[in-house]
């Protein structure tokens with residue numbers, strides 16, 4: 001029984017590493033953001049292809065890591081969780097980095113999560129990351145890439 005459990009555990013780890021390797025093979029740029037005293041290492045999703053894939057298929061994300069979505073146009077950009085294995089929280093940010101609203105998103109769902117007003121940025125983190133640090137609407141995320 002223990003041998004079978006170990007085999008399943010090893011297979012699960014290899015599968016997770018495969019998805020992590022896939023994510024790493026994308027070689028996304030990583031930028032440092034700050035939310036008050038908290039440092040965030042955010043992968044940059046600044047092209048249509050990267051934004052469409054986002055954090056799909058990943059099974060692990062380090063605590064202070066996330067993905068920053070950058071759009072060319074300020075608009076109501078909605079998100080869903082198809083093929084996304086991780087529970088996430090998403091903060092929608094205005095042009096100055098101020099959080100407009102935050103939404104918790106459940107894995108493998110297709111519910112729309114939208115900003116309350118037009119935004120150019122969205123920051124996905126592990127679910128409850130913002131709440132556990134008392135970061136909410138009105139908080140400014142510093143270090144956003146400059147707009148064109």
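FYI, it's all coordinate maths here, none of it is from the lab. Please read all numbers here as calculations on a predicted model, not as lab measurements. Virtual Cβ from ideal backbone geometry, glycine too; neighbours counted across all protein chains shown.
Taking the stated definitions as given, is residue 90 farther than 23 Å from residue 28 by Cα and under 16 Å from the mean Cα position of the chain (by Cα)? Spelling it out, it is not the case that residue 90 is farther than 23 Å from residue 28 by Cα and under 16 Å from the mean Cα position of the chain (by Cα).
Taking first residues from segment 131-143 that are at positive phi and in contact (Cβ under 8 Å) with a residue 40 or more places away in the chain and partners that are in a loop (DSSP other than H, G, I, E, B) and surrounded by 15 or more Cβ atoms within 10 Å (Cβ to Cβ), no Cβ contact under 7 Å between residues at least 6 apart in sequence or on separate chains turns up.
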